[in-house]
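Accompanying notes for the structure given below.
The values are calculated or read from the model by the stated rules, or taken from the named source; none is laboratory data. This structure is a prediction, so every number in the text was calculated from the model and none was measured. Cβ placement follows ideal geometry from the backbone for every residue including glycine, while neighbour counts extend to all protein chains displayed. These accessible areas exclude ligands, DNA and RNA; they are computed on the full protein's heavy atoms, side chains included. Shrake-Rupley method; radii C 1.70, N 1.55, O 1.52, S 1.80 Å.
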Amino acid sequence: MTRLSRPSAPSGDKDAPVGGEIVPPGGRSVAARRAPRRAAGLGLAPASAACFFLLASMLAALLAGAADMAPGKVALQLLDWLPFVSLDSGLAPVERALLFELRLPRVLLAAIVGGLLACAGAGYQGVFRNPLADPYLLGAAAGAGLTTTAAIVFMKGDGSALVVPVAAFAGAVGGVLLAYALGNVAGRGGGTATLVLAGVAVTSFLSAVQTFLQQLNVEELQRIYSWILGNVGGGWDQVWLVAPYALVSVVVLLLYGRLLDVLSVGDDEAASLGLDVARVRLVVLLAASLATASAVAVSGLIGFVGIVVPHVVRRLAGGSYRVVLPISLVGGGAFLVLADLIARTVIAPAELPIGVVTAFVGAPFFVAVLRLTRRVDT
Amino acid sequence: MSRVEVRDLAVVLGTRTVLSGVDFEVGGGDWLAVIGANGAGKSTLLRALAGLLPHSGEVLVDGVPLRRLKPRQRARLLAYAPQTPALPADMTVFDYALLGRTPYIPHLGRESRGDREVTASVLERLDLSSFASRALGHLSGGERQRVVLARALTQQAPVLLLDEPTTALDLGHQQHVLELVDRLRLADGLTVVTTLHDLSLAGQYADSMMLVAGGGTAASGTPAEVLTEELIGRHFDARVRVATGVAGRPEVHLERP
Ligand SMILES: Nc1ncnc2c1ncn2[C@@H]1O[C@H](COP(=O)(O)OP(=O)(O)OP(=O)(O)O)[C@@H](O)[C@H]1O
Ligand SMILES: [Mg+2]
């Protein structure tokens, strides 16, 4: 049997610096000066790239569209709207109104919804420590699908424009809360595995009810499907409707980036570092679900953004949630603005549902990501 | 230097009483090795000490019951490295080690320059400075073990709880890691509690040993008192010969039946 024998005295080998004192905070050392300055900070290059991508795609989406307006004039008009700038764009008042009342809010709503879904997806992925978690994992989509179907079926087209968003929001929040309650009852202690299973159960139950309701009202099928496949053409009303919830949920998610990093080393280690694991998980789940519900309320069930965007960000900018969350927010916005641009121009004057476009880009990408992560996992 | 006392500790997992009536003390700056067969409850004991499991009885550090402390205060006293740490593959070594500063960073705040300096100096002491910006997924087993140790050390806690710090390490790395812990202990006066499967190795480094079996303490004392042919034969179901090595420390040799 091999026997390790203990060196009799610390020899002056390369481990020698071990004897040195740890410098107290405030004291300087050689090591400190060599510390990577921004190791955990927001990577500046990816952040500015994402911002540039967002601005460029918003500009492209404002310049192009079904209505035949010269991009040059539109650009002048946009400049004219900037503070302290006054230009004559040569756009007719009707065109100007169209730009302001249709295109501008549509681009903004796409950016907000895309940002919310991507950020919520990153939050869910942190909570479940699984890069394949998505914002609809816990029943938000099925809940919203059910309540919206019910709203469409029972209101038969009358009722205010607020009915669908409010129903969708309530359904999404309700679905998540139901899954959370069920998960806690089934697996006391709030482990993530039972929570995911509860989400699966809630999703299939609510979807079954929704399908049943839909079958009883085949004449509303068209409206139900067009809601499910997504639409960001809701106008300024919907932008203002979603803004406060978007703001609150995004601020909370961004604040919790570092704690999600702590959580990523496992429940035991995180708890041994003094973290209240269950509470962090709950707060992030609530914020991410609020973001999801508000996005769903004004846009329907747009898929893939929540998985695809954080994944790309992780590959390009590293895995720290302090980077993944903010860059997903910006990148998700850009992605959905582009998707919407494609949706409304490819077969103009008709429109593709935006969910079809994101899925068309997202599905092949998803398969590629699965293949790549399989190589890493095993 | 912090003294650890455990009084009448009992842990129930599910419906099973895994540990009961465990009492021991580790003097400040001492090294206690916890040994025992697979499933004896060594990891459970360490997790209970770290406050990660519901338990009855008392754990005191310098006379202060840990129960009375908030989690963050406790994390400044005890650093814990699990048997199988989860290392996010795309996190960098520096960022991972920096997580050890969590008990000092305001809940929703960010780390200070001081936190970065402590992290950098710990990495330097563990010879890891050149790895600082490497991803954890791109490290060898021995490098990982050192990185986990670095994470525990940036916590600057006076008590180190290490669960199998040498699993899956080759001979050289086992020695390297244990020497490292020993020197840190001597330099900074850390109190160390480790579980170790290699009994001879445990006997060479520890000041005192505790044998866990049958849900409690089967024996405790100096390595020479615990590592006897009779106790090992009974509790590990192994046939061994114990020889006396350098400095009176016992060496355990497996015998072929
Ligand atoms: N959550 C749990 N519920 C019930 N029993 C558990 C649970 N976790 C662990 N155990 C049991 O508790 C006992 C002690 O486990 P522990 O992990 O402490 O053993 P160990 O001494 O560290 O073993 P090893 O040498 O294999 O690491 C084992 O029999 C194990 O099966
Ligand atoms: Mg163990």
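If I model a spin label at B:Glu229 and A:Ala193 as a point 7 Å from the Cα along the Cα→Cβ vector, what separation in nanometres do I get?
4.5
Taking H as built 1.01 Å from N, whose amide H comes closer than 5 Å to the amide H of B:Tyr80, not counting residues under 5 places away?
Here the answer is B:Leu161, since their amide H atoms fall under 5 Å of that of B:Tyr80.
Within chain B, which is the longest segment that contains none of the trypsin sites (Lys or Arg not before Pro) sitting in a DSSP loop with at most 14 other Cβ atoms within 10 Å?
Counting at most 14 other Cβ atoms within 10 Å as exposed, the longest clean stretch of chain B is B:111-238.
Need one word for the stretch B:126-173: rounded, prolate or oblate. Basis is the Cα gyration tensor (sqrt eigenvalues a ≥ b ≥ c); a/c below 1.5 gives rounded, then a/b vs b/c decides.
Cα axes put the stretch B:126-173 in the oblate bin.
Just from its helices, what would the mean residue ellipticity at 222 nm be for chain B, if runs of 4 or more DSSP H residues each count -39500 (n - 2.57) and the sum is divided by every residue, rounded to the nearest 500 deg cm²/dmol?
Dividing the helical sum by the residues of chain B leaves -9500 deg cm²/dmol.
With 14 Å as the cut-off, how large is the P(r) tail for the stretch B:86-155, expressed as percent of Cα-Cα pairs?
It works out to 52 percent of all Cα pairs.
Once each part is reduced to its C-alpha centroid, what is the distance from the stretch B:1-76 to the stretch A:132-178 in angstrom?
First find each Cα centre; the distance between them is then 49 Å.
Suppose all protein chains stay in the model; what accessible area per residue would a 1.4 Å probe give for the protein assembly as shown, in Å²?
Result: 43 Å² per residue.
For labels at B:Ser130 and A:Arg129 in the simple 7 Å Cα→Cβ model, what's the distance in nm?
3.2
Can you tell me what share of the DSSP beta bridges in the protein assembly as shown is antiparallel? A percent to the nearest 5 is fine. Each step should come with its number before you reach the end.
Working: 25 of 42 bridges.
Approximately 60 percent, going by the DSSP bridge assignments.
Want the number for B:His253 to B:Met1: 0.36 nm per residue separation, take away the alpha-carbon distance, what's left? It would help to have the intermediate numbers written out before the result.
Numbers: separation 252, 0.36 × 252 = 90.72 nm, distance 3.46 nm.
Additional length available on full extension: 87.3 nm.
At a probe of 1.4 Å, how much accessible area disappears from chains B and A on forming the pair, both sides counted, to the nearest 100 Å²?
Details: alone 12440 and 20020 Å², together 27370 Å².
Buried area between the two chains comes out at roughly 5100 Å².
Express the C-alpha Rg of the stretch B:54-186 as a ratio against the empirical globular expectation 2.2 N^0.38 Å, rounded to two decimals.
Against the compact-globule rule of thumb, the ratio is 1.08.
Is the shape of the protein assembly as shown best called rounded, prolate or oblate, per the rule: a/c under 1.5 gives rounded, else a/b larger than b/c gives prolate, else oblate, with a ≥ b ≥ c the square roots of the Cα gyration tensor eigenvalues? Walk me through the numbers on the way to the answer.
Details: a/c = 2.98, a/b = 2.05, b/c = 1.45.
It comes out prolate by the Cα gyration axes.
Just to be sure I understand the interface: list residues from the stretch B:52-70 that lose 50 Å² or more of accessible area between the chain on its own and the complete protein assembly, 1.4 Å probe.
B:Leu52
Cut-off 10 angstrom, C-alpha nodes, Gaussian network model of chain B. Which of B:Ala213, B:Ala243, B:Ala202 fluctuates the most?
Of B:Ala213, B:Ala243, B:Ala202, the most mobile in the Gaussian network model is B:Ala243.
Pop out the ³J(HN,Hα) list for the stretch A:140-145 in order, Karplus 6.51 cos²θ - 1.76 cosθ + 1.60 with θ = phi - 60°, rounded to Hz; leave Gly and Pro as x.
5, 5, 5, x, 5, x
Measure off, as a whole percent, the carbon and sulfur share of the 1.4 Å-probe accessible area of the protein assembly as shown, all protein chains present. Write down the numbers at each step before the final one.
Numbers: 17010 of 27370 Å².
Answer for the protein assembly as shown is 62 percent, counting heavy atoms of protein chains only.
Which order do B:His173, B:His138 take when ranked by solvent-accessible area (1.4 Å probe, heavy atoms of all protein chains), largest first?
Per-residue accessible area, sorted high to low, gives B:His138, B:His173.
Using modelled amide H (1.01 Å from N, peptide plane; none on Pro or chain starts), what sits under 5 Å from the amide H of B:Gly36, excluding residues fewer than 5 places away?
So B:Gly36 has HN proximity to B:Val212.
What FRET efficiency do you get for A:Val200 and B:Ala243 if R0 is 56 Å and r is their Cβ-Cβ distance, rounded to the nearest 0.05? Present the calculation step by step, with values, prior to reporting the outcome.
Details: r = 58 Å, r/R0 = 1.04.
After rounding to 0.05, the efficiency reads 0.45.
Expected output is a single nm value to one decimal: the length gained when fully extending between A:Ile347 and A:Gln222, i.e. 0.36 nm times separation in residues minus the C-alpha distance. What is it?
Gain on extension, A:Ile347 to A:Gln222, equals 43.1 nm.
Taking Cα centroids, how far is the stretch B:150-188 from the stretch A:193-272 in Å?
First find each Cα centre; the distance between them is then 44 Å.
If you average the C-alpha positions of the stretch B:99-149 and of the stretch B:217-257 separately, how far apart do those two centres end up, in angstrom?
The stretch B:99-149 and the stretch B:217-257 have Cα centres spaced 37 Å from each other.
Please identify which residues in the stretch B:216-241 have an amide N closer than 11 Å to a label point set 7 Å out from the Cα of B:Ser20, following the Cα→Cβ vector.
B:216, by backbone N distance to the label point.
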